[in-house]
Every structure is written in C-alpha cells, then in structure tokens.
Amino acid sequence: MQALPKNNHKGLIVAGMHSSGGKTAVTCLLLSALQNRNISVQPFKVGPDYIDPGFHFHFSKKRSVNLDPWIMGREHVVQTAEQFIENAFGIAEGVMGLFDGSDPTNDSGSTMEIARWLRWPILLVVPCRNAGRSVTAAIQGFVAEAGGPQYFAGIILNQVNSESHAEYLRKACSVLEIPVLGSLPEIPELQWPERHLGLQPGVEQKLPEAEQLAELVEKYFDLELLVNNFPMISVSETPVKNLQSTTAKFSKRIAVAQDEAFHFYYAANLEWLRQQGVQIVSFSPLHDSQIPENVDALILGGGFPEVFAEEMSANSSMLAALKNAVESGMPCYAECGGLMLLTKGLKNHAGKCYALAGVIPGTVEMTKRLQHFGYCKINLPESGEVRGHEFHYSRWSSETKTANLWNVTRHSTGVSRREGYQRANLHASYVHLYFPQADALMRKILQLNPDEALQC
C-alpha cells in the first residue's frame, strides 16, 4: 500500500467523478467512523444543496455547513471553514463531479475551486461497477486536470462487484501516485433512493445508525492509513464549536417552519438569524394547528410540500392561521416550498388539486421537467446584488400575470424574468437566498434593526 504524504491539513474533500457516484455515502461513512473513534468532525457541503447536509446531521449530530463559492465568495468560504474547524476535523462533501461548477470552461463554482481555496486534499470516490483497468486512465485524467497528485489524499473504489474485483482494481491502481484507501461493495444499507438529481431526504426514510456505518468503514477502508497521515485528526479534548453555541439575548421571536415538508434551510441562515438577536421558534405546518404565539415574523422555507399536499390541505386550522397572520401584517419570508404553501392550491402529477392557504393568487402545478435550475442574481437599488439559487419542478400559474417582486437573472444564460410575489409585509419567491450575502434585504423583510444584532 502506497503511503500518504504527511500533512497538516485540517480538512478533507470527498469528491466524485460525477453525480450519484457515492459521495454522500462515503462522507457519512467517514463521519460515523471518526466520531466512533472519539474524533471530533465538522461536516460541510459544497454548493447550495439542502438534502445531503441532512444525511450528514443524522450520522454526525453536527449541522453541516454549506460552502458555496459563487454565492459566498472566497473570503467568506475560507472564514466559514476556519470558524468551524477550530476544534474539529472538517469533512466536506463535494458537488456533482470534481470539476463541475457554475462555468463550463473553468473551475469556478466547483468542488475543485473549494479544494484550492481551503488547501484541503481530495478523497476521490470512483464508481467501479463492472469497471476494469480502464478506470486508472480516468483517474489519471482527474489527477492531471487538478494539477497533480499533491491535491489528492487517496481513492475510494466504490460499488466493486466482489472482493476479487476489488483486488484486481487495487493492482491496476498500483501504478498511480495516490493510494487506494478503501474498496466498498454495494451494500443495501447504503442504497438510498434518489429524487430530482439527488437523494430522497433522510427525514422521509429510516436511515441506519452511525455505529453500523462505522463498522463498515473498519471492514472496507484503510482508516489507519488515513488517520495516521493526518496529524490534525486527533481525539477531541475540548468542546467543539457548534452552530448554536452562542449565548444570545433575543430581541425577536420568529416562527420557522421545520418538519418533513419544510426543511431546506442553510445552517448559516439559521445562525445568521441568531446573530441578529432572533429566537427561532420551530413549528410544523403539517402537524400543528396554529402558528406559535407571540412571534414577530414568519419564515416558510423550502422542501417537498408536494409529497405531503394531502396532509397540508387537510390541516385547515393551520392554513387559516397562516392566512390570518400574513393578512394581519406579520412580516413573512416564504421561499420556494413556502411560496407554494401560500398559494390557493397545489395540483399534483396525477392532476388532483389540494387547497392551500390562499394568500398568493393562483395555484402551483407540479411538472415533469425542471422549470428553473441554477444560480441567479437580482439587482436591488437598496440592497445591491443579491445572489441565489433555484431548483423546482413546479410552476406558479399566475407568475406571468401577477409576479411583482423582482427581476431574476439566470447566471448561466443572462436571461431575466419577473418573479415572486410581494405585499408590504410578504416576500414570496422560488429563489433560495443565503442570508449573510443578502444581509440588507433580509433585515428589511424581517424588520430587523442593525443595533439588534449580537455584538460578539
């Protein structure tokens, strides 16, 4: 087995050759195994993904932090990573393939760009189902495109057909300048269903326990080689800084929808709220009959409300409470799934319609194709450029006639459209925002004053 070079990196990037190649499974395996050895870890996710961080949380019990190069920029990405690896080892799951990002001609917005910014080595997950020696040529291409083997910690051979297949591939890869750190067969506990270019959310299924994954790592990975060559991986003796560790004096109470249908929240967005002196009061549009009492504003995030349309529609008391709150003037920020909830109704793929809150004119209809996907930006006179992301398989029926919020420009094409719905106290849009980048806008929407922010 080839030895890894000694290094002082405080993190590792788990990258893939393409989407659906096993990055999330390998990330969760490592999180489980290191924590099982009493090593403090901090999960990260490259890009604007909401679902993979949910898997990270299940297996590590740590809120995964998004590192989005296009929305956040280099300085903020580096600062954020350094903040959360102060007393922990960082494991960042990449997005799509290693070099896939916001620009098809270079590394911009890609996992590779994050690896360069953080100077964390890459653990490349290589799908190997029915693969032979040719897989080494693909790996060599990735190494050359990255700039050399110094960028890599090693390789995980994923989806091997058998132990003999794994041994064959290990011999084939012995010519490479980076070591094989594990070979993983197809294991039922790791066969997680997919939806819309990604995994089905963990909250909708029963996931294995972290101890089960830790046992798999000890069996199939050379964890000793990884740990021994990363001196910064060590048994924790100090408390790990967590996303909710700040002792806050709250000046606002904001109700945030959080349940199986609404769980698309960047960890940094919730932390930003706390730093503004906000007490987050969670509630469930699915299971609760009323919104929480004595709150100053509402946040209705994204998720998969279409999966739970029948239950939401049957919860008439909650729908009425939401309608009354918004129409009485309570500030409300509704994002993607939140926008859907506030329309008159939802039409599913089978053509069945379900009545919803009725605050926003028109209905939403589920579609077989993506309606809008990717990064976007909005130029606002008072708040400057706001950057966001869209990803939805639904269409708001009244958008072309009623949209009055802002003009959204696709980053990839430069095409703009009128989008979203607003009242004096309501901001509803399909665009997912990163609150620290949209600071001025979010303060305005939620009626937060700068002097209410915590002085840390």
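Readers should treat all values here as calculations from the given coordinates under stated rules, not as data from a laboratory. Because the structure is predicted, anything quoted here is derived from the model rather than measured. Methodologically, a virtual Cβ is constructed for each residue, glycine included, from the backbone with ideal geometry; neighbour enumeration extends over all protein chains shown.
Taking a ≥ b ≥ c as the square roots of the eigenvalues of the Cα gyration tensor, an a/c ratio below 1.5 marks segment 11-228 as rounded. In this structure, the amide hydrogen of residue 392, modeled 1.01 Å from its nitrogen in the peptide plane, lies closer than 5 angstrom to those of 371, 372, counting only residues at least 5 positions away or on a different chain.
When the charge dipole of the chain is built from unit charges on Cβ atoms (+1 for Lys and Arg, -1 for Asp and Glu) and taken about the Cα centre, the candidate among 175, 120, 440 whose Cα reaches farthest toward its positive end is 440. Of all DSSP beta bridges in the chain, what percent run antiparallel (nearest 5)? Restricted to the chain, the bridges split so that about 40 percent are antiparallel.
Using 0.36 nm per residue and subtracting the Cα-Cα separation, the extra length available between residue 37 and residue 174 on full extension is 46.4 nm.
Here segment 252-452 is treated with +1 on each Lys and Arg Cβ and -1 on each Asp and Glu Cβ, and its dipole about the Cα centre works out to around 740 debye. Each Lys and Arg contributes +1 and each Asp and Glu -1, all at the Cβ; summed about the Cα centre of the chain, the dipole is approximately 720 debye.
Evaluated over the Cα positions of segment 1-108, the convex hull gives a direction-averaged projected area, one quarter of its surface, of 7.8 nm².
Modelled this way, with points 7 Å down the Cα-to-C-beta line, the labels at residue 108 and residue 138 are 2.8 nm from one another.
Restricting the trypsin sites (Lys or Arg not before Pro) of segment 327-381 to loop positions (DSSP other than H, G, I, E, B) with no more than 14 neighbouring Cβ atoms within 10 Å leaves 352, 368, 369.
Computed from the Cα positions only, the extents of segment 252-452 along the three principal axes stand at 48, 44, 27 Å, in decreasing order.
For the residue pairs 61/368; 10/61; 206/252, the alpha carbons lie more than 25 Å apart in 61/368; 206/252. Restricting the GluC sites (Glu not before Pro) of segment 106-193 to loop positions (DSSP other than H, G, I, E, B) with no more than 15 neighbouring Cβ atoms within 10 Å leaves 177, 186. With all pairs of different C-alpha atoms in the average, the Kirkwood value for the hydrodynamic radius of the chain is 23.1 Å. Expressed to the nearest 5 percent, the antiparallel share of DSSP beta bridges inside segment 11-228 is 10 percent. What separates the Cα centres of segment 31-56 and segment 88-130 is a distance of 15 Å. Full extension of the chain between residue 371 and residue 294 yields a length gain of 24.0 nm, computed as 0.36 nm times the residue separation minus the alpha carbon distance. With the cut-off at 1.5 for a/c, could you classify segment 256-344 from its C-alpha gyration tensor as rounded, prolate or oblate? The shape class here is oblate. Against the empirical 2.2 N^0.38 Å (N residues), segment 356-456 has a Cα radius of gyration ratio of 1.16. With respect to the chain, whose longest principal axis is taken over its alpha-carbon atoms, helix 51-60 is tilted by about 60°.
Remark on residue 42: its backbone amide H falls under 5 Å from those of 89, 90, 91, a criterion applied only to residues 5 or more positions apart or on other chains, H modelled at 1.01 Å from N.
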